[in-house]
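The values are calculated or read from the model by the stated rules, or taken from the named source; none is laboratory data. Because the structure is predicted, anything quoted here is derived from the model rather than measured. So basically every Cβ, Gly included, is an ideal-geometry build from the backbone, and we count neighbours across all protein chains shown. In case anyone asks, the SASA skips ligands and DNA or RNA and just uses the protein heavy atoms, side chains included. Shrake-Rupley method; radii C 1.70, N 1.55, O 1.52, S 1.80 Å.
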Amino acid sequence: AASNISSHSGTFWDLEKLSDGTYSFKCLGTSIPRDAAAYLDGRTGDGSVGLAPNTDPPYTGTHWQLNQDSDGFFTIVCKGNLPGNRYLDGRTGDGSVGLAPNTNLPYTGTRWALYTKLSL
């Protein structure tokens, strides 16, 4: 059976360049109320990831640096003010996301592909 895209609408993100040269990721989930927390927020102090209502302080973990490697993949680096882990890490083994201290093994989920929506 074909998958229902609307049931996974939280997998789509709006990438916006911020005035400091970093980027924010805003969740485009269809069930998110207008005033809800929607910005990807890296919490460097404990290595977790969540959502914040905006990109202003104290939500410094909503600012991300994108680094492209020679294969076209990206590392996504949290620019939060607190010391700690910084690399966005998708953990496919258990379906979680967090921050890793580096991009070396065993952190294989720290390389990301970014796709754009085509307007026809």
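Residue count for segment 32-53, restricted to those that are more than 25 Å from Ala113 (Cβ to Cβ) and open to solvent by 50 Å² or more (accessible area, probe 1.4 Å): 6. Answer with yes or no whether Gly84 is on the phi > 0 side of the Ramachandran plot and either open to solvent by less than 40 Å² (accessible area, probe 1.4 Å) or modelled with pLDDT of 95 or more (or both). It is true that Gly84 is on the phi > 0 side of the Ramachandran plot and either open to solvent by less than 40 Å² (accessible area, probe 1.4 Å) or modelled with pLDDT of 95 or more (or both). Counting only residues that are in contact with a Phe, Trp or Tyr (Cβ under 8 Å, 6 or more places away or on another chain) and over 20 Å from Gly80 (Cα atoms), segment 91-106 holds 0 of them. Whenever a residue of segment 21-32 is farther than 11 Å from Trp64 by Cβ, its partners that are small (Gly, Ala, Ser) and at pLDDT 80 or above, lying with C-beta atoms within less than 7 angstrom and at least six residues away or across chains, give the pairs Lys26/Ala38; Cys27/Ala38; Ile32/Ala38.
Looking only at residues in segment 65-117 that are of a type in the set (Val, Ile, Thr) and over 13 Å from the mean Cα position of the chain (by Cα), the one that is nearest to Gly47 (Cα to Cα) is Thr103. Restricting attention to segment 7-31, the residues that are open to solvent by 70 Å² or more (accessible area, probe 1.4 Å), at pLDDT below 75 and part of a helix (DSSP H, G or I) total 2.
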